[in-house]
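Notes to accompany the following structure.
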Number of protein chains: 2
Amino acid sequence: MTTKRGRPGYDLESLLLVAVKLFNERGYDGTSMEDLARKLGITKSAIYYHVPSKDELLRLAVDRALDGLFAVVAEVDNLPGRAIDRLEHVLRGSVAVLVERLPFVTLLLRVRGNTKVERAALARRREFDHLITDLVKQAEAEGDVREGLDPATVARLLFGMVNSLTEWYRPRRGSDHAELADTVCHMAFDGIRRP
Amino acid sequence: MTTKRGRPGYDLESLLLVAVKLFNERGYDGTSMEDLARKLGITKSAIYYHVPSKDELLRLAVDRALDGLFAVVAEVDNLPGRAIDRLEHVLRGSVAVLVERLPFVTLLLRVRGNTKVERAALARRREFDHLITDLVKQAEAEGDVREGLDPATVARLLFGMVNSLTEWYRPRRGSDHAELADTVCHMAFDGIRRP
């Protein structure tokens, strides 16, 4: 980061981080480019040098979250072996993505579909949900899932657990997301009851 | 509901339902009493006949959610038997509360603590979380929970699952919350893996 005339300089990355933090605090709709400029201590035109619009900042932010999640699914796409193991891999990878990209995923989960960018994000979320549901279905077809569970409901509850991290996980509590992923997978696959 | 001069009349209950729906759609901060009056087709003073402020509407709404959840915990408070069974009872009861009071719980989960009413709601949520964590601890002490799981994390993940209902559960999909509670408890206690 370089300073010019006593003011901090931002690249797109550091600007995006501040923007996402502000969107999460005040709501995307409730944050103007004026607010963002004030927070950054730069002019609006200095922001527009990096991005054409607030909408584009949102697009970059939610894509950061979604690209991470889709990359995890892509990893297992052509993996041999059982679907339930691929599902576990996806669950672990998703916990890692949430921990590493927490502000981005937090913003993604609050998107309600008021704009074209938001609707595109919701469409990708639905696509992701379908991929998870399909994995659960495959695992069920392979006989690895308890009978009588609805795959779509299972997929939603699994990601209800994972997504709840945006509500309560704080990086300062130690950044060992492997342990957290262990707990999520223990609960999801084997339950908390001692066998 | 009676009509006066061609306009619908509201009692506090029906007024509250419309208000909560509007708060959930537009955000509590983004909804004015003017907006609410327009939506109801009545004057602002007609609203003030029932409640002194928007804040009071929020308080009534989030308490509807919180009272339901605390009533479930109170039910098991003096119940004999094992903590893990009480935990299961609380989980089932909470699913029922979420299904029956969905708009109220949805609003509660979006509260961020900007006002006194919101901070009071957050304080009650934390108290509820502690009660759940204590139940998990007791169940662990009684040897009914898998070793090596952190009780606070387990409590948060369990309610991550339950609370996710506000994101995806739609009453029209059939109102059989017993089946939904079964799925949540199967996952939570025994996991989805076929034994």
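Take the residues in segment A:131-149 that are more than 7 Å from every other protein chain (Cβ to nearest Cβ) and of a type in the set (A, V, I, L, M, F, W, C); name whichever of them is surrounded by the fewest Cβ atoms within 10 Å (Cβ to Cβ). Lay out the reasoning, then the answer.
Taking segment A:131-149 as the starting set, the residues that turn out to be more than 7 Å from every other protein chain (Cβ to nearest Cβ) are A:131-142, A:147-148.
Restricting the remaining residues to those that are of a type in the set (A, V, I, L, M, F, W, C) gives A:131-132, A:135-136, A:139, A:141.
On the way: A:LEU131: 18, A:ILE132: 23, A:LEU135: 24, A:VAL136: 23, A:ALA139: 23, A:ALA141: 11.
Per the stated criteria, the residue is A:ALA141.
State whether the residues of segment B:60-67 include one that is touching a residue at least 24 places away in the same chain (Cβ under 8 Å) and closer than 21 Å to B:LEU157 by Cβ.
Yes, segment B:60-67 contains a residue that is touching a residue at least 24 places away in the same chain (Cβ under 8 Å) and closer than 21 Å to B:LEU157 by Cβ.
Any residue that is polar (S, T, N, Q) and under 17 Å from A:ASP85 (Cα atoms) - is there at least one of those in segment A:162-174?
Of segment A:162-174, the ones polar (S, T, N, Q) are A:163-164, A:166.
Okay, now just the ones that are also under 17 Å from A:ASP85 (Cα atoms), so none.
Checking segment A:162-174: not a single residue is polar (S, T, N, Q) and under 17 Å from A:ASP85 (Cα atoms).
If you check B:GLY81 against the conditions, is it on the phi > 0 side of the Ramachandran plot and more than 19 Å from the chain's Cα centre (by Cα)? Steps first, answer last, please.
Numbers: on the phi > 0 side of the Ramachandran plot: yes; more than 19 Å from the chain's Cα centre (by Cα): yes.
Here the answer is yes, as B:GLY81 does meet what is asked.
Just give me the residues in segment A:150-195 being among the small types (Gly, Ala, Ser) and either at the interface with chain B (Cβ under 7 Å from one of its Cβ atoms) or crowded, with 20+ Cβ neighbours inside 10 Å (or both), in sequence order.
Here is the first cut: in segment A:150-195, the ones among the small types (Gly, Ala, Ser) are A:152, A:155, A:160, A:164, A:174-175, A:178, A:181, A:188, A:191.
Listed by number, the residues that qualify are A:ALA155, A:GLY160, A:SER164, A:ALA181, A:ALA188, A:GLY191.
Taking A:VAL90 as meeting all but one of (1) within 28 Å of A:HIS186 (Cα to Cα); (2) in contact (Cβ under 8 Å) with a residue 60 or more places away in the chain; (3) buried (at least 19 other Cβ atoms within 10 Å of the Cβ), write down the number of the exception.
Condition not satisfied by A:VAL90: (2).
Matching residues to (1) on the phi > 0 side of the Ramachandran plot; (2) more than 14 Å from the chain's Cα centre (by Cα); (3) small (Gly, Ala, Ser):
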{"position": "B:VAL117", "(1), (2), (3)": "no, yes, no"}
{"position": "B:ALA121", "(1), (2), (3)": "no, no, yes"}
{"position": "B:ARG126", "(1), (2), (3)": "no, no, no"}
{"position": "B:ALA139", "(1), (2), (3)": "no, yes, yes"}
{"position": "B:GLU147", "(1), (2), (3)": "no, yes, no"}
{"position": "B:ASP150", "(1), (2), (3)": "no, yes, no"}
{"position": "B:THR153", "(1), (2), (3)": "no, yes, no"}
{"position": "B:ASN163", "(1), (2), (3)": "no, no, no"}
{"position": "B:MET187", "(1), (2), (3)": "no, yes, no"}
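State whether the residues of segment A:42-55 include one that is under 16 Å from the mean Cα position of the chain (by Cα), away from chain B (no Cβ under 13 Å) and at pLDDT 95 or above.
no
The values are calculated or read from the model by the stated rules, or taken from the named source; none is laboratory data. Keep in mind it's a predicted model, so treat the numbers as computed, not measured. A quick note on method: Cβ atoms are made from the backbone with ideal geometry, for glycine too, and the neighbour counts reach across all protein chains shown.
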